[in-house]
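Trainee: Quick one: the structure is below, and I'll ask about it shortly.
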Amino acid sequence: MQLIEAIILGLVQGLTEFLPISSSAHLRIVGEFLPSAQDPGATFTAITQIGTELAVLVYFWKKITRIIARWFQSLTGKVARDNPDARLGWIVIIGTLPIGVLGFLFQDVIRDTFRNLWLVAIVLIVFGLILGAADALGRRSRQEADLTYPHGLALGFAQSLALIPGVSRSGATTTMALALGYTRPAAAEVAFLLAVPAVFGSGLYELYQAIKDPGEQVFSMVETGVATVVAFVVGFIVIAYLMRYLKRGSFLPFVIYRVVLGIVLIVLLSLGVLQAY
């Protein structure tokens with residue numbers, strides 16, 4: 001039964017990681033409705049996110065390897081420092097710093113306080129409405145090549161908000177990019193690329209902790225590994241779908257979904273169907 005639950009959660013992780021609806025919130029909520037009725041935990045969430053980030057590496061492999069190559073070449077003067085790919089490499093580094101520092105400093109709060117379902121519900125609604133406003137009011141004229149270092153830092157601080165389940169890593173970064181005037185596809189792609197170092201760093205750290213002290217984990221390493229593979233496969237499919245969708249569609253369906261989910265969660269909490277912790 002534990003393996004089946006892990007597979008279900010891996011499926012949820014893959015489906016929700018790249019959509020601006022918060023994968024960590026969905027894992028937290030879905031866990032309450034599984035037979036074991038428990039929070040899968042921050043460790044399980046972080047490790048399964050390795051699977052979805054591997055999907056990003058595969059999908060954007062040519063682009064990522066080009067960015068890395070140009071970044072190294074800019075250090076030796078083989079390409080100009082203002083080369084768009086080299087600059088994007090620096091922006092990813094700069095944008096990763098806020099979530100890395102804040103994630104390290106507030107580990108205990110992230111593992112405990114931030115997983116309160118009342119907080120998750122409120123954050124789903126509030127940040128859903130902010131995403132809707134940014135999508136509707138953003139100029140959508142800037143492309144990825146227009147990224148600047150200040151914008152990269154702003155995107156980094158937006159990404160750090162995803163430490164709170166319900167915000168959504170891709171949602172927060174995309175919202176900031178839309179507010180700064182980037183197109184929907186550019187906003188989504190930058191959000192995916194910016195997440196790679198942070199997610200791998202967090203996931204590998206949690207993997208080390210889980211191997212070091214497996215007794216505290218909800219799922220075994222085998223079960224977590226299976227869930228991670230499922231998340232990778234499903235996540236790859238979702239990336240391909242979303243990038244095609246954003247060429248013509250808006251974020252409105254995701255905004256509506258977030259608000260409705262947040263309201264339903266508040267109702268269930270109020271009726272005592274779900275407990276905050």
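Trainee: What's the number of the only condition in (1) assigned to a loop (DSSP other than H, G, I, E, B); (2) free of Cβ contacts under 8 Å to residues at least 40 places away in the same chain that PRO253 fails to meet?
Mentor: (1)
Trainee: If you check every pair at least six apart or on different chains, which have Cβ atoms under 9 Å apart with a residue in the stretch 158-185 that is farther than 19 Å from GLY235 by Cβ and modelled with pLDDT under 95 first and a residue that is of a type in the set (Val, Ile, Thr) and part of a loop (DSSP other than H, G, I, E, B) second?
Mentor: Pairs found: LEU161/VAL167.
Trainee: Quick one: would you say LEU3 is surrounded by fewer than 24 Cβ atoms within 10 Å (Cβ to Cβ), hydrophobic (A, V, I, L, M, F, W, C), under 20 Å from VAL222 (Cα atoms) and in contact (Cβ under 8 Å) with a residue 60 or more places away in the chain?
Mentor: Numbers: surrounded by fewer than 24 Cβ atoms within 10 Å (Cβ to Cβ): yes; hydrophobic (A, V, I, L, M, F, W, C): yes; under 20 Å from VAL222 (Cα atoms): yes; in contact (Cβ under 8 Å) with a residue 60 or more places away in the chain: yes.
Yes; evaluated as a whole, the condition is true for this residue.
Trainee: For the stretch 136-155, does any single residue satisfy the condition of being within 14 Å of the chain's Cα centre (by Cα) and buried (at least 24 other Cβ atoms within 10 Å of the Cβ)? First the steps, then the outcome.
Mentor: Within the stretch 136-155, the subset within 14 Å of the chain's Cα centre (by Cα) is 155.
Within this subset, residues satisfying the condition of being buried (at least 24 other Cβ atoms within 10 Å of the Cβ) are 155.
Checked against the condition, which is being within 14 Å of the chain's Cα centre (by Cα) and buried (at least 24 other Cβ atoms within 10 Å of the Cβ), the stretch 136-155 yields at least one hit.
Trainee: Considering only residues that are buried (at least 20 other Cβ atoms within 10 Å of the Cβ) and either over 10 Å from the mean Cα position of the chain (by Cα) or touching a residue at least 60 places away in the same chain (Cβ under 8 Å) (or both), which ones fall in the stretch 186-196?
Mentor: Taking the stretch 186-196 and keeping what is buried (at least 20 other Cβ atoms within 10 Å of the Cβ), we get 186-195.
Passing the criteria: ALA186, ALA187, ALA188, GLU189, VAL190, PHE192, LEU193, LEU194, ALA195.
Trainee: Now a separate question. If you check GLY89, GLY100, which single one turns out to be modelled with pLDDT of 90 or more and closer than 19 Å to THR173 by Cα?
Mentor: GLY89
Trainee: Can you name every one of the helices (runs of 4 or more DSSP H) wholly within the stretch 33-133 that holds 2 or more residues which are over 17 Å from the mean Cα position of the chain (by Cα) and either of a type in the set (A, V, I, L, M) or under 23 Å from VAL234 (Cβ atoms) (or both)?
Mentor: Numbers: elements: 41-59, 61-76, 84-105, 107-111.
Result: 61-76, 84-105.
Trainee: Would you please name the residue that is surrounded by the most Cβ atoms within 10 Å (Cβ to Cβ), looking only at residues in the stretch 197-237 that are closer than 16 Å to ILE8 by Cβ and of a type in the set (S, T, N, Q)? Write out each step before concluding.
Mentor: Here is the first cut: in the stretch 197-237, the residues closer than 16 Å to ILE8 by Cβ are 218-220, 222-235.
So of that shortlist, the ones also of a type in the set (S, T, N, Q) come out as 220, 224, 228.
Working: SER220: 14, THR224: 26, THR228: 23.
Looking at residues that are closer than 16 Å to ILE8 by Cβ and of a type in the set (S, T, N, Q), I get THR224.
Trainee: Right, next: I'd like the residue in the stretch 250-277 that is within 12 Å of LEU129 (Cβ to Cβ) and not hydrophobic (A, V, I, L, M, F, W, C) and, out of all such residues, is surrounded by the most Cβ atoms within 10 Å (Cβ to Cβ).
Mentor: ARG258
Trainee: Can you pull out the residues in the stretch 32-52 that are surrounded by fewer than 23 Cβ atoms within 10 Å (Cβ to Cβ), farther than 15 Å from ARG111 by Cα and touching a Gly at 6+ places or on another chain (Cβ under 9 Å)?
Mentor: ALA37, ILE50 - these are the residues of the stretch 32-52 that are surrounded by fewer than 23 Cβ atoms within 10 Å (Cβ to Cβ), farther than 15 Å from ARG111 by Cα and touching a Gly at 6+ places or on another chain (Cβ under 9 Å).
The values are calculated or read from the model by the stated rules, or taken from the named source; none is laboratory data. For clarity, every value in this text was computed on a predicted model and none was experimentally measured. Neighbour counts run over all protein chains shown; Cβ positions are idealised from the backbone, glycine included.
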